[in-house]
Every structure is written in C-alpha cells, then in structure tokens.
1. Please find, among B:GLY166, B:GLY171, the residue that is outside any helix (DSSP H, G or I) and farther than 30 Å from A:LEU118 by Cα.
2. Would you pick out the residues in the range B:42-57 that are among the polar types (S, T, N, Q) and either closer than 25 Å to A:GLY130 by Cα or in contact with a Lys or Arg (Cβ under 7 Å, 6 or more places away or on another chain) (or both)?
3. Of everything in the range B:104-149 that's closer than 12 Å to B:ILE208 by Cβ and among the hydroxyl-bearing types (Ser, Thr, Tyr), which residue is farthest from the other protein chains (Cβ to nearest Cβ)?
4. Anything in the range A:177-198 that is at pLDDT 90 or above and outside any helix (DSSP H, G or I)? List them, or say none.
5. Can you pull out every residue in the range B:123-138 that is assigned to a helix (DSSP H, G or I) and either in contact (Cβ under 8 Å) with a residue 12 or more places away in the chain or under 22 Å from B:LEU231 (Cβ atoms) (or both)?
6. What number of residues within the range A:258-297 are at pLDDT 85 or above, touching a Ser or Thr at 6+ places or on another chain (Cβ under 7 Å) and of a type in the set (Ser, Thr, Tyr)?
7. Only one of these conditions is not met by A:ILE47: (1) under 20 Å from B:TYR115 (Cβ atoms); (2) surrounded by 15 or more Cβ atoms within 10 Å (Cβ to Cβ). Which number is it?
8. Please find, within the range B:199-217, the residue that is farthest from the chain's Cα centre (by Cα) out of those that are buried (at least 24 other Cβ atoms within 10 Å of the Cβ) and part of a helix (DSSP H, G or I).
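The values are calculated or read from the model by the stated rules, or taken from the named source; none is laboratory data. This one's a predicted model, so the numbers in the text were calculated from it and none came from an experiment. Using ideal geometry, Cβ is built from the backbone for each residue, glycine included, and neighbour counts are taken over all protein chains shown.
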Amino acid sequence: MKKKRFSNLKERAIKVFFFTNSVFATLALVGIFFLLLFTAIPAFKEINMGEFFTSTRWNPTSPVKEGYGILSMVVSTFMVTIGALVIAIPIGIGVAAYLSDVAHWRVREIVKPIVEILAGIPSVVIGFLGIVLFGPIIAKIFGTSNGLNAVNGSLLLAIMALPTIISISEDSLNAVPKTYSEASLGLGANRWQTLIRVKLPASLSGIIAAVMLGMGRAIGETMTVMMVTGNAPAFPKGFLSSIRTMTATIAIELGEVPYYTTHYYALFAVGFVLFIITFFVNMISDVILHKYQEREQ
Amino acid sequence: MKKKIIETLGFFGLRVCLYIVFAFLLIFLYDIGSKGAGTLSWEFLSQAPRRGMTEGGIFPAIVGTFFVTIVTAILAVPMGMFAAIYLNEYAKQTKITRIIRLSIRNLSGVPSIVYGLFGVIVFVNILKFGTSILSAGLTLGLLTLPWTITSSEEALKTIPNSYREGALALGATKWQSIRTNVLPYAMPGMLTGTVLGLARAAGETAPIMFTGAAFFLPILPNSLDDQFMALPYHLYVMATQHHAISQVRPIAYGTALVLLLLVLGMNFSVALLRYKLRKIRKE
C-alpha cells in the first residue's frame, strides 16, 4: 500500500515536471513582451510619442538635435516585404500547385527536400550572396552605382520566404477534399480549370495563411536586409534607393550605443514595435490556419 | 482545343516556377562551392586569422560556433522534449494547453533580432553573464525551443495509441508506459527534429551579435564567460565590416562554404538517418 502511494506521488511529480517545462514557452513569450515594453518605456521620457511614430528623421547621434522618428524605417521594412511578396507569391503558389496537381508523387518526394535545403541556408550566407552575386547584376540592369538597394533586399527575402509559402500552400491544396475536384472533372472541366476555379479558391485561406507566415519572416529578417539594402537612414525614395529597415537599425546601432541612454531605450522601443507587428501578422495566419483545420476535420 | 492549349501552357508555367526555385538554389550552391573550394585547406580550418584577418584561417570561429551550439542544445533539447511529452502525453484540451500551444507557435515567429534584444536585457544585463558564450547560447536556446517542442511533438504523435494502451492494460503507470513503450520508438524522430533546430541555431547571426560574438579574437574561449568568434558572424564581418573587403573576399567565400557545409551537413545526416529508420520500420 505504501509503495502504491509512493508511486502515485512519483507519477504526479513527473507530470508536474513536464508541465513546468511546457509552461516555460508561455513564460518566455510573455517575458519577451514585458521586458521589451519596460525597456522601451524610459525612451518616452525624452522622446515625444507622436514624434516617434510620425517623424521620418532618425538621427540619435546628431550633436545639434537628436531625431527619433521611426516612420522611415517602418516604411522601408514594409517596402522590402511587399517587394518580396510580389515575387514570392506567384512563384510559391505556382510551385505548390505544381507539386500537388501536376507532379508525379516520386518527383514530389525528391523536390520537397530540395526546397527544404533552401530553407536551411543561413540568412547571413544569403545576404553574402546578395552582395557578391545579385548586387552587380542589379547594378547593371538598373544602371545604379551599386546593387545594394531595396530591389536586392526584396529578391533575397522572396527566396527566403519561398519554402514557407510553398510547403504550407501545398498542404492546403492537398487538403481540399477529393470530391471537389472529382465533381469538377466529372462536369467536363479539365485539370487546369479544376485547379484554377475549384482547388485554389477552396484552399485560399490556407494560402493566405502561408503568405502571412512568409510575410512575418520577411519583416523580421535582419542579416539579409542589413547586408544588401545599403542602410541609408532616410525616407526611401523608391525601390532603387538605399533603405534601412527596423531590424537593420537595431542591429547596426545596438553594438555602438552606450547602455541605459535614450538611444539605447529607443532601440528597444523599435524592437517592441517590431515584435508587435510580427506578433499580429503571425496571429492572423494562425487564426486562419486553425479555422481551416477545424473545418477540414 | 483552346482549353487544351491553356491547360498545357498553364502547367508549363507552374513547372517554370519550380525551375526558377531550382535555379536560385543551384546558383547559390555553385557560387559558394566553386569559389569557396579554392580557399578551403587544412590551414584554413586549423589556424586563427592573422594580419588583421587578411590571412590565416577560421579555426576560432569553428570552435566558437561548436561551443555555443552545445550551450544551445543543453537548454533547448531537454526542455523541448519534456514540454513535448507533456503536450502530447499528458495534456488534455484545456484552456491552459491551448494558451501554451498558442505561445509556442507565436514564439517561433518572433524575429531573431528580438531574441537578441531579449538576450541583452536578461542574460547580459540582469543575470550579469556579460557578453559571453553562455549569454549567446542561452539566447539561441530560447530561439530554438519552439522548434524542438514542435518537432518532438510531431515525433510523439506518430506512435500509435495501442502501444500506450498495451502497457497501461498490463498495469503499468502512465510514466512507465511512456518510458518503455513510447519514448524508445519516438526518440529517433525527436532527435532528428532537434538536430534540425540546432542546425538552424548554428547559422543564426542576429541573436549572437550583441550577446557574445566577437569581431576578432585569435585565442580560443576558455570558459563560458568568454566572448567567442562564430562562423556566421565572422562571415558577416568579412563580407561587410572588414577594411579591405575585396582583399578578404576569398576568406569570406571559404567561411560561407564551411558554414553552409556545417548546416547542410547536419540537415543531410538527419535526413539520411530518418530515411534509414523508416526503412527499418517497414521491414
């Protein structure tokens, strides 16, 4: 009897131990949120909140008057992200459709791991390739002095977002019930019409979620954009101008800034804004994917 | 007839999309491979950088990446596995489990630079680990955690319920059934997912830039409190920060190749392992 009680206790202790470990993930997320928030707050003792969000002038080291406006970098971030999506969405959905509807299953078994390799390349290596490979080509095509601009960043981010978009879009295309396409084919439509008019619309929510996830990745990517976009801290004039994103600003300046200064706190404020943006983008894709899975079940 | 042409053209277009992706990958691998191979030598792998990093090798960076990945593994691997065991074996569909799952999914979408900021506040400043292997490793561990949890859980899910029920029916306790009938079969899958997560962490730059990676440090790290050189950060330095960029380009290519081989090598060995295991299970 005593032994039984002991083993019960042990079982309970084991369960609690595993539970504690899983709760840690929640604590980490909440911890990141609050620590960023509390480190960002002191920045607003000296910076006007309105200026922070609406001014385009970011110049924390100016001897005359420091500028702490993040609008330029927010616009820059969204510019490269949108550029990346314009490239990645058609190609990504194209590959996903090819894999789910055209390719033989053997081809699929080979292609999927190959696409995974692309996802495995470290971002710093992709950034390096952006400098040595794409930079000169872009400079030549557009006639700019160097190829370090938003176009380069968009191209690389598109390549980085592709594996995510492909794999999740393909999953959602495969999840469309067979009866849908059978009905369409039975009514005389060919496979292309079935794909475009039946399967794609039916899997649209999953594809949107895939795009949102790719977008979240592009917004938060640091090394690649920092290495290839030229990092001029001004309001972007166009895709051929040098830009500096939120992530790049943090990465460039955090190394040089003295701890516990307004500049230091301001960088954490930028990080907090970045966290909130990616959080909502991921949240939306999560909600869409979840709804979609529940409907399928 | 027109319908047929559109279909053929459409499918051709889809195939072109695939070729574009392949082309990118091939160009990437070819460029790094062909230009990096010339730099690669035993000296390059076994010596420290010399003469303002214009000569010599990348040995300290290899060692640094190795050490920091070990710290990452110590945090992320056991914790990820334990959390996965709870979520898949013990948890019922309650509000708390839903929140935990939601946090894990969201945590995996947090930008790596934000983990870097978190590392600076918590590990470098609050816990006073300073810029060190420990701080960088823990930051990367946190970044890897959602990945190891998710992949471990996937592995646990593949174990059929009959295994658990068999043990329970014979009078085993819950933990006994997990330990004897679930974990041994799920372990290979859990390990493969975990190694993939570690490979990703080994290639990360942004989180370690401010938590411990050093620009140039010819000596090897002695303890967890030391700064270290790391392959990805070294590549960043060689590609953009060095004062003689064009002169050190070969070194940058060589570093990129070593980093790529390391990360992809981890990926490949895991894929191979998974393939072999699947074969064994089928037999």
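1. One residue alone meets the criteria, B:GLY171.
2. B:THR54
3. B:SER132
4. Matches in the range A:177-198: A:LEU187 only.
5. Scanning the range B:123-138 gives B:PHE123, B:VAL124, B:ILE133, B:LEU134, B:SER135, B:ALA136, B:GLY137, B:LEU138.
6. Of the residues in that region, 1 qualify.
7. (1)
8. B:MET209
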